[in-house]
Amino acid sequence: MTGEQLPAPPPTVTPETELFWRATAQGRLLIPRCDDCGTSVWYPRRVCTACGGRNLTWTEATGRGVVYSYTRCHVPAKPYKGIESYFLAYVRLEEGVDVMTNIVGATEVYVGQPVTVVFSPVDETAALPRFTPTTPP
């Protein structure tokens, strides 16, 4: 199972995440960055997790990262019921944040593996950012 058949359930959109989800529908990965201390913040919120600042600006991420940790799921729960197996991982983006996601397009995954973002459309308003292995530059 390479993950291309994974379902793309609709996300829960909040005021803090609305711009993020709209950008994913356009194939863009946005990350909040604190204007006060320069820290990238994940999961989107109104306050910087490093300094408590409230001056956050959405910045476009490179979409590149490495697998920080992963597991291969063999007993999927809804909405993945019926999928033989799939990879769930934390990807550390170049911007320094760890994103929980699926690894798709892979039969094997390893810690330190370079990956790049791909988007699985949910509908016209959102897509799920997932990652696929890349070859090192």
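For PHE119, the solvent-accessible surface with a 1.4 Å probe is about 60 Å², rounded to the nearest 10. Around the Cα centre of the chain, unit charges on the Cβ atoms of Lys, Arg, Asp and Glu (plus for the first two, minus for the last two) sum to a dipole of about 200 debye. Quick one: among PRO15, PRO32, PRO121, which has the greatest mean-square fluctuation in a GNM of the chain with alpha-carbon springs under 10 angstrom? Highest fluctuation of the listed residues: PRO15.
Accessible area per residue (1.4 Å probe, heavy atoms of protein chains only) ranks THR107, THR132, THR24 as THR107, THR132, THR24, with the largest value leading. Apolar share of the accessible surface for segment 18-133: 49 percent from carbon plus sulfur atoms, 1.4 Å probe. Considering only ALA61, ALA89, ALA126, the Gaussian network model of the chain with Cα springs below 10 Å gives its largest mean-square fluctuation to ALA61. With helices as the sole contributors, the chain gives -1500 deg cm²/dmol at 222 nm; each DSSP H run of n ≥ 4 counts as -39500 (n - 2.57), and the sum is divided by every residue. Per residue, segment 18-133 exposes 53 Å² of solvent-accessible protein surface, assessed with a 1.4 angstrom probe and all protein chains in place. Using the Cβ of THR125 as centre and a radius below 13 Å, the other residues enclosed give a net charge of -2, where K and R count +1 and D and E count -1. Looking at segment 62-130, the GluC sites (Glu not before Pro) that sit in a DSSP loop and have at most 10 other Cβ atoms within 10 Å of their own Cβ are GLU84, GLU108, GLU124. Could you give log10 I(q)/I(0) at q = 0.08, 0.14 Å⁻¹ for the chain, computed by the Debye formula over C-alpha point scatterers of equal weight, without solvent? So the normalised log intensities work out to -0.22, -0.66. Across segment 113-131, the residues whose backbone nitrogen lies under 19 Å from the label position 7 Å along the beta-carbon direction of ALA8 are 116-131. Each residue was assigned an accessible area with a 1.4 Å probe, and for ARG46 the value is about 150 Å². Measuring from each cysteine beta-carbon in the chain, the ones with no other cysteine beta-carbon under 4.7 angstrom are CYS73. Shown here for segment 3-35: GluC sites (Glu not before Pro) in loop regions (DSSP other than H, G, I, E, B) with at most 14 other Cβ atoms within 10 Å, namely GLU4, GLU16.
Which residue fluctuates the most in the chain, going by a Gaussian network model with Cα springs under 10 Å, if the choices are CYS34, CYS48, CYS73? Largest GNM mean-square fluctuation: CYS73. Computed over segment 18-133, relative contact order equals 25 percent, with contacts defined as Cα pairs under 8 Å that lie 6+ residues apart.
The values are calculated or read from the model by the stated rules, or taken from the named source; none is laboratory data. Here the structure is a predicted model, which means the values were calculated and not measured. For neighbour counting, all protein chains shown are included, and Cβ atoms are generated from backbone atoms with ideal geometry for every residue, glycine included. All accessible areas refer to the heavy atoms of the entire protein, side chains included, with ligands and DNA or RNA removed. Shrake-Rupley method; radii C 1.70, N 1.55, O 1.52, S 1.80 Å.
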